[in-house]
Each structure stands twice: as structure tokens, then as C-alpha cells.
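Participant: Dumping the structure here so I can ask a few things about it.
The values are calculated or read from the model by the stated rules, or taken from the named source; none is laboratory data. Predicted model, so just to flag it, every value in this text is computed and none were measured. Don't worry about glycine lacking a Cβ; one is built from the backbone with ideal geometry, like all the others, and counts go over all protein chains shown. Heavy atoms of the whole protein, side chains included, go into the accessibility calculation; ligands, DNA and RNA do not. Shrake-Rupley method; radii C 1.70, N 1.55, O 1.52, S 1.80 Å.
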Amino acid sequence: MRDLDERFLRRALQLAERARGHTSPNPLVGAVLVREGRIVGEGFHPRAGEPHAEVFALQQAGELARGATAYVTLEPCDHFGRTPPCSLALLQAGVSRVVVAAREENPVARGGLARLRAGGVQVEAGLLEAEARAQNEVFFAVQKKGLPFVLLKAALTLDGKVAAPSGDARWISSEASRRVAHAYRQWLPAVMVGVGTVLKDDPALTVREPDFRPFPLMVEPPPLRDPLKVVLDTEARTPPTARLFRKGPRGEPARVLVFVGEGAPGARVSALEEAGARVVALPREGGRVDPERALAFLLVADPPEPTAKEVAQALGVSKGALSPALGYLVRLHLVERFRRPGERADRYTVRPGAWRRILEEQARMLGRFRELAERGLALVGENPRLREVRDLYAFLEREFPLLLAKLEEG
């Protein structure tokens, strides 16, 4: 039995790898459904916001999923996020056994194994755990440290040097290694340099001729785009004419984030903002920008998009009142323009009907979530947590038409 479990779980790991570069901030996950020794369904999570691996495998298996064993590389999620819980989907499909490689460490999503056990499903975890954790080293590192995963890229001479003593600019790396480095640049969301590199080398930090051969199982490379360009620059010395501000090869504007120290010269900061950079002032550590604070900022904020505070100021509401709707505003393209640093807040424009569309988007989801909660109760019996979820969505489902009617009147 263990040999078969390992064989099918390795297949799930292979499937998960096919989405590398597309799932951030979600992990890579693969799933295989097996009945009577034969694969009846398989899938992988293609990208954030789309169904998870288990859902694709269940759809492929259909009725054959009943009584089958599910092999999943990561513990099935147990929360309502962009998609419903996979633990409920497996229960509803009648899966009898679940074999998981690695347990979920995200406190928001974990709990799937406990729900499956409570529903009478045989659960086993830990087989090929090392391989699964290595595959998702980025995801697990972020969960553990609360900071972004950092990959250091450097070319060294045989005697351990990174440049000639004279300072002459010469390639140490080969053409082949540089193309692989550009593949990582296209895969990872951001590339960070210090202001010394900007002043000395004037890098463009763009993606050029990437080579993805180190990722043989990748179905397709990530979307071709330049990464967010991040500069640690305590005194705001980055020249506004630096090459990193130039448009990409496809004409897209450069995304540049400069971390400066508190008290950096205001004229230099304004010049960087005028050049198109987003400038964030951070406390100094030992006279320089604190790199740990910079990394923490990258994890909790999405620099290319506006912050909740910025949009709240524009709309005249509190940050707390706006934050739950911010994702909908951006995703539904309801905001015409976002304020750049130094501009007046009244230059924001929200399209007419924006809030109605937000409510309609929410209303479409409520009925589906309530139905899933009801199905879960039917499967696992009385469960206080599920009952609260069902009652909450039932209440909101009743109230939304009233909100929409008031919106029409107002």
C-alpha cells in the first residue's frame, strides 16, 4: 500500500509543478483521485483566484470520486476565501480516504484534515513531506518568518570576488547563466538592489531572453513582464534619469519602489516621485534603511496598487470602513484614477454605480456559500461553526436586496 501511495503522491507533486510561476501568493498544489488502483481524476491549482487542485480532480472524476482515495500535496483548505473549502468538496464527493504530503501552516486555511476526520474520512499525512515542502519552499518560508522569500543572485570568481579590483565592468557570469537569472527575474514578483548598484551599473532590471529549462515540468512560463524594481536608497540618491525608470520592451511603464530613510532630502524624494517611483520612508537602522522593515512592507502591501488609506482619503471614509471593499474596487476596475504622492486627494474619481456593482458581486456569492454550508451540515451533522456560517450567509442574502433598493433610492 505504501508503494502505491508514494507513486500516486509523486504524480500529484508532478502536477503541482506545472503551475510554477503562476500561483503567487498561493502555494503549488496537485491532486490525484484513485479508485480500485486506477487514476480517475487529477488536477493542479493553476493560479490565484481559480479553483484548487482538488476541485479539478473531482470534476474530472465525477461519480467515480465516491469511495476513491485522494492524494494531495498540501492539506485541503478549510476556509471560505476566493473559493469555497476543498475539505467540504471532498466530503460532498464521498471520498473515503485522503493522503496528504504536507500539512497546511496558514492559520486561516488549515483545518481541512480535522474536518475530513470528523466526516468519517480516513486521513494520513506526512508521506513525501520533505519533497512537498521543498516544492513550496517560498510559501512555507513566508508562513514561518512573516517576511518575503529572498533569493540571492550573485556571480563569483574562483577566488570569491564579485567584481574586478579596478572597478571595471566585466561579465563574470556566462551568457547561459544570465538567461537563467532572467527566468528567475520573470518568475519572482520583485527584484531588489541597493543604490550603490544603481549609481555604479545603472541597471535596467528588465527581463531579457529568459531560459526556463531549469523548470522542465513547467507547462508555460509566467506572464512576460518586468518585476517590481525595488531600491534601498537611504538618502534618495537614485537619479531620476536612471535606466530602471524606462518603459519595458513592450511599452509598459516601469514599476519602481524606492525605500528611503526618514528625513531623506525632500527635493530628491519629489524628483523620484515625478519620475514615476513610489517612495516609502522607513526608520533608519545603523544610519541606513532597515532592510527587514522594507521586506515586511513588501509582504503586507501590494506596492503597484493604492493602499486602503489612500483610497479612503479620496472617498472621504475611514480606512476601516473601506478595507473590505478595496479588493473589489481594484478588481472590478471601478476606480478611474489613484492619487500619486503629492497630489490632492480630490483627484480620485470613482465611476458611477461602483458601490452597486460591489454589492451585486457580493450578492452572487452569498447564495452559493450558504448552499455549501447547508451541504456540509447534511454531510457531517450538527456543527456549530458550519451552522454559524450558514446563518450568517442566509442573513446577508436576505439583507442585500434591501441594501440595493436603498442604493437605488439614494
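Participant: Compute the separation of the alpha-carbon centres of segment 1-63 and segment 199-221 and state it in Å as a whole number.
Facilitator: A separation of 28 Å, based on Cα centres.
Participant: In debye to the nearest 20, how big a dipole does segment 191-266 give about its Cα centre with +1 on each Lys and Arg Cβ and -1 on each Asp and Glu Cβ?
Facilitator: I would put it at about 220 debye.
Participant: Can you sort 184, 71 by 1.4 Å-probe accessible area, starting with the largest? All intermediate terms of the calculation are to be shown ahead of the outcome.
Facilitator: Working: 184 75, 71 10 Å².
Descending accessible area places them as 184, 71.
Participant: Only Lys, Arg, Asp and Glu count, each charged at its Cβ (+1, +1, -1, -1), so figure out the dipole size of segment 1-143 about its Cα centre, rounded to 20 debye.
Facilitator: My answer is approximately 180 debye.
Participant: At 1.4 Å probe size, put 3, 226 in order of accessible surface, largest to smallest.
Facilitator: In descending accessible area the options line up as 3, 226.
Participant: Which one, 299, 183, 270, is farthest towards the positive end of the dipole of segment 169-303 when Lys and Arg carry +1 and Asp and Glu -1 on their Cβ?
Facilitator: Sorting the options by dipole projection puts first 183.
Participant: If packing is taken as the mean number of other Cβ atoms within 10 Å per residue, what is the order of 22-29, 208-215, 149-156, 131-138, highest first?
Facilitator: Ranking the peptides 22-29, 208-215, 149-156, 131-138 by packing returns 22-29, 131-138, 208-215, 149-156.
Participant: Could you sort out which of 153/229; 200/247; 145/200 sit more than 24 Å apart by Cα distance in this structure?
Facilitator: Cα-Cα > 24 Å for 145/200; rest within.
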